[in-house]
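Visitor: Got a structure for you, written out below as structure tokens; questions coming shortly.
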Amino acid sequence: MPALATRGSPPASPAPAPDPDGRLARVAAALRSGRGRLAVAWGLAAFLGLAVVSAGAGISGDEAAVIGAAHGAPPATAEPAPPSGPPLAPLLARAGDATAGRIGVPHRFALRLAAALAGALLAALLALLGHELAGAPGAILAPALYLLVPRHLVLGAVATPDGLAAALGLGTVWAYRLAGRSRRRLGAAVAAGCLFGLAIAARLDAWILLPVLATHAALLRTMRRRAAAAAAAADDADTAAADPTAAALEARLRGIPLAVAAMALVAPLVLAALWPALLVHPLRVLAGTVHSAAGLPYLGARLAAARPPLGYPLVVTALSVPAGVLLCYAGGVAHAAWRLRRALRRGEAGVDPGDELLLLLGATAPLLAAQAGVAPLVGGVRPWLLAFPFLAVLGARALLAAARTAWPSRARPVAASLALLVLYPALRASVHAWPALGGAWSALAGGAPGAASLGMQRQEPGEAARAILPELAARARPGARVLWLGVAPEAVAVYAADGALRPDLGLAADAASADLTVAVLDGGSRDAEYQAWSELRTSHPVTGVFLDEVPLVLVYARPGAWR
């Protein structure tokens, strides 16, 4: 019944919406706060930027495998065949294509929609973490130090699982951190377990987060016992009182942190729900997820084992990350180690040794896992991409600390100048290498020509083929048959579905039946290209795609097939 109003009295105001726990009010207050607005702004900016990158980036071989798994998955009623990799990226690509693809969105972007959303989440989390460590300037700078690196930018825009796993891994660490200090410890711990399960469903090697965070919890407990700080004890007592359920559960777990227990118990349930084949055929599924490094070019040689040479992650990082950003990353690690040392020795006020240790573990553990061969050995920085969000946060804080030290009274203008000095070359490198961002190498490597002379990978295999499609559509003879060397069939199908490839152009099965050959050069074997020379009776390309005069794609044509 509606409330009654007597004559001359104002009508009764509507009853407020039920919110017994105050959750909606807390969410609204968080969004109205300064850090909440910065996080939302960065999330929206990252999504729009990644959408633009997604519209022009080509489809690599690994992304084509995800697209093939998304389109070729059997129905739920059929007996599931063990997939060749974790299922989350194909599931999200299929969901994006089934929803956004139906309203006229290009298939290439629809397949990548979940990746752009994950990139937005990662940017928002970086802004929140940067704000907690270094205030509003840290919230502005930390996402930029990650997203403006060319390879990070493209990995956040394509449907490969790497950017997705990085976002979910950072979310796991964020929830674990909240579970140790929030008044809603139980909810944060369950969130950490769910995000951890999703991260493994994106990339299997994300399991390293569990031992890393368990190690952090054990070391943090040891540090607190040695420090015996009254303030820390009071904080723990307040937290336990605020969430008695969590305190009771931890007591039953004999001191095991609630977030670590949730990761060990909740994540398998999430993984089983998304990846039932892992329960039915565990050995076959795990064997199918092992990646071989055979043929991956590295310093003029071919990697032939799953475990890379000593120093491989550091060398590839140094050669691919712009020099200013790389210096920030290295300074951030050194600054965090220095702060941790001072906190342990002197008990410096305002320094949380738990945070310093957590960020250092997050920045170094993925590099160590890649060096040990735990992470899949694929091209570029993808095996240890999870390290870079933590390096970005540490680098932002170190840059701001350097500005305060250099000129305390003018710290903000100095920080802005340093940020411009660091970020502008990274942005320029991204614009210069566009759209083949997977082939962007730093000035330390000598750019694309220097990296090619060093025998490094020129691009993510197949991604630069997108740039040749407009000229191919304009100049190929009607009805010409095209042989695609180094371009996956799934990529060609998506290009055709989006109208980027002329519908009259056919597919050639081999060089003998081809009128045109599109050869992608990624630093690997060129035997198939040499065979095309023999069949087409020419070794002179009619056109190509070049980055600083380094060929990425070459097109060969029979006489009369190219206008």
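The values are calculated or read from the model by the stated rules, or taken from the named source; none is laboratory data. From a predicted model like this one, the values you see are computed outputs, not experimental measurements. Every residue, glycine among them, receives a Cβ derived from its backbone with ideal geometry; neighbour counts consider all protein chains shown. Accessible surface is based on the protein model in full, side chains and every heavy atom, while ligands, DNA and RNA are left aside. Shrake-Rupley method; radii C 1.70, N 1.55, O 1.52, S 1.80 Å.
Visitor: Return the residue satisfying two criteria in turn: it lies in the range 239-275 and is open to solvent by less than 50 Å² (accessible area, probe 1.4 Å) and among the β-branched types (Val, Ile, Thr), and of such residues it is modelled with the lowest pLDDT.
Guide: Thr239
Visitor: Just for the range 277-305: of the residues that are among the small types (Gly, Ala, Ser) and assigned to a loop (DSSP other than H, G, I, E, B), which one is modelled with the highest pLDDT?
Guide: Here is the first cut: in the range 277-305, the residues among the small types (Gly, Ala, Ser) are 277, 287-288, 292-295, 300-301, 304-305.
Restricting the remaining residues to those that are assigned to a loop (DSSP other than H, G, I, E, B) gives 292-295, 300, 304-305.
On the way: Ser292: 54, Ala293: 53, Ala294: 54, Gly295: 67, Gly300: 77, Ala304: 72, Ala305: 70.
Among those that are among the small types (Gly, Ala, Ser) and assigned to a loop (DSSP other than H, G, I, E, B), it is Gly300.
Residues are listed down the side, and each one gets a yes or a no for (1) part of a helix (DSSP H, G or I); (2) open to solvent by less than 10 Å² (accessible area, probe 1.4 Å); (3) at pLDDT 95 or above; (4) aliphatic (A, V, I, L, M):
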{"position": "Val325", "(1), (2), (3), (4)": "yes, yes, yes, yes"}
{"position": "Gly332", "(1), (2), (3), (4)": "yes, yes, yes, no"}
{"position": "Arg345", "(1), (2), (3), (4)": "yes, no, no, no"}
{"position": "Asp355", "(1), (2), (3), (4)": "yes, no, no, no"}
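Visitor: Specify which of the listed residues (Ala415, Ala440, Ala448, Ala403) is over 16 Å from Thr317 (Cβ atoms), buried (at least 17 other Cβ atoms within 10 Å of the Cβ) and at pLDDT below 95.
Guide: Of the residues listed, the single one that is over 16 Å from Thr317 (Cβ atoms), buried (at least 17 other Cβ atoms within 10 Å of the Cβ) and at pLDDT below 95 is Ala448.
Visitor: Moving on to the next point. So which of Pro137, Pro82, Pro86 ends up being at pLDDT below 85 and not β-branched (Val, Ile, Thr)?
Guide: Checking each option against the conditions leaves just Pro82.
Visitor: Moving on to the next point. Among the numbered conditions (1) open to solvent by less than 20 Å² (accessible area, probe 1.4 Å); (2) assigned to a loop (DSSP other than H, G, I, E, B); (3) not basic (Lys, Arg), tell me where Leu310 comes up short.
Guide: Unmet condition: (1).
Visitor: A further question follows. Test of understanding: among Asp527, Asp522, which residue is surrounded by 21 or more Cβ atoms within 10 Å (Cβ to Cβ), of a type in the set (Asp, Glu) and closer than 23 Å to Val378 by Cβ?
Guide: Asp522
Visitor: Scan the range 378-393 residue by residue and report those that are assigned to a loop (DSSP other than H, G, I, E, B) and more than 18 Å from Tyr176 (Cβ to Cβ).
Guide: Val378, Gly379, Gly380, Val381, Leu385 - these are the residues of the range 378-393 that are assigned to a loop (DSSP other than H, G, I, E, B) and more than 18 Å from Tyr176 (Cβ to Cβ).
Residue-by-condition table, conditions (1) within 24 Å of Leu111 (Cα to Cα); (2) modelled with pLDDT under 95; (3) of a type outside the set (Gly, Ala, Ser):
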position: Ala473; (1), (2), (3): yes, yes, no
position: Val487; (1), (2), (3): yes, yes, yes
position: Arg502; (1), (2), (3): yes, yes, yes
position: Ala509; (1), (2), (3): no, yes, no
position: Ser513; (1), (2), (3): no, yes, no
position: Gly523; (1), (2), (3): no, yes, no
position: Glu535; (1), (2), (3): no, yes, yes
position: Ser539; (1), (2), (3): no, yes, no
position: Gly560; (1), (2), (3): no, yes, no
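Visitor: What tally of residues in the range 57-77 results from selecting those that are open to solvent by 40 Å² or more (accessible area, probe 1.4 Å) and either in contact with a Phe, Trp or Tyr (Cβ under 6 Å, 6 or more places away or on another chain) or modelled with pLDDT under 90 (or both)?
Guide: The number of residues fulfilling the criteria is 6.
Visitor: Another question about this same structure. Counting only residues that are farther than 16 Å from Asp62 by Cβ and open to solvent by less than 10 Å² (accessible area, probe 1.4 Å), how many does the range 457-475 have? Reasoning before the result, please.
Guide: Initially, the range 457-475 is screened for residues farther than 16 Å from Asp62 by Cβ, giving 467-475.
Going one step further and asking which of them are open to solvent by less than 10 Å² (accessible area, probe 1.4 Å), we end up with 468-469, 472.
Count: 3.
Visitor: Another question, then. How many of the residues making up the range 542-563 are surrounded by 16 or more Cβ atoms within 10 Å (Cβ to Cβ) and either within 11 Å of Leu521 (Cβ to Cβ) or under 32 Å from the mean Cα position of the chain (by Cα) (or both)?
Guide: Looking only at that region, the number is 8.
Visitor: Tally up the residues in the range 546-555 that are touching a strand residue (DSSP E or B) at 6+ places or on another chain (Cβ under 6 Å) and farther than 12 Å from Ile468 by Cβ, please.
Guide: 0
Visitor: Mind checking whether some residue in the range 306-317 is in contact with a helix residue (DSSP H, G or I) (Cβ under 6 Å, 6 or more places away or on another chain), hydrophobic (A, V, I, L, M, F, W, C) and either at pLDDT 95 or above or under 25 Å from Leu220 (Cβ atoms) (or both)?
Guide: No; the residues of the range 306-317 include none that is in contact with a helix residue (DSSP H, G or I) (Cβ under 6 Å, 6 or more places away or on another chain), hydrophobic (A, V, I, L, M, F, W, C) and either at pLDDT 95 or above or under 25 Å from Leu220 (Cβ atoms) (or both).
Visitor: May I ask you to list the residues in the range 489-508 that are outside any loop (DSSP other than H, G, I, E, B) and touching a residue at least 60 places away in the same chain (Cβ under 8 Å)?
Guide: Within the range 489-508, Pro489, Glu490, Ala491, Val494, Tyr495, Ala497 qualify.
The rows are residues; the columns are (1) surrounded by 17 or more Cβ atoms within 10 Å (Cβ to Cβ); (2) at pLDDT 90 or above; (3) touching a Phe, Trp or Tyr at 6+ places or on another chain (Cβ under 8 Å).
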| residue | (1), (2), (3) |
| --- | --- |
| Ala30 | no, no, no |
| Arg35 | yes, no, no |
| Leu38 | yes, yes, no |
| Leu44 | no, yes, no |
| Phe47 | yes, yes, no |
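Visitor: If only one of Arg203, Arg181 is among the basic types (Lys, Arg) and closer than 30 Å to Pro461 by Cα, which one is it?
Guide: Criteria check complete, one pass: Arg203.
Visitor: In addition: Being assigned to a helix (DSSP H, G or I) and closer than 30 Å to Gly524 by Cα is true for just one of Ala375, Ala370, Ala396. Which residue is that?
Guide: One residue alone meets the criteria, Ala370.
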